[in-house]
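Just so it is clear, none of the values below were taken in a lab; they were calculated from the coordinates. Fair warning: this is a prediction, and the values are worked out from it, not measured in the lab. In this analysis, Cβ positions are derived from the backbone assuming ideal geometry, glycine residues included, and neighbour counts consider all displayed protein chains.
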Amino acid sequence: MLGTIVGLAEILAVVLVVDRLLLAAEDRGWVNYRRKGPNLGAARYHVLDTHQVFEPGAEMLQEAKAADVVEEDETGDPPVDPDVTPGDGAS
């Protein structure tokens, strides 16, 4: 019984030491561990590129969404609901 408790305490101590070492390495910029999220910029690019191979229509959909956002931003007007006609009393 005592041996089990000592063994668990040793494992906990090792985990805590490894945690502190990884946090120190993260502060120096060597690894992304717990405080900073992983940099997924390149991973997203490759996933989207692979996704386009299997679903070519997804690329067109993304381009259309991006064009809508750019178009709304350039005009400066609020988005318009196509179901509501001007002057029908809806606000």
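Of note:
- Take the Cβ atoms of Arg44 and Leu22, set R0 to 22 Å, and the FRET efficiency comes out at 0.35.
- Neighbourhood net charge (14 Å Cβ-Cβ; Lys/Arg +1, Asp/Glu -1) for Ala24: +2
- Summed residue charge, Cβ within 12 Å of Tyr33's Cβ, Lys/Arg positive, Asp/Glu negative: +2
- Take 19-31, 2-14 and order them by the average number of nearby Cβ atoms within 10 Å per residue, most first; the result is 19-31, 2-14.
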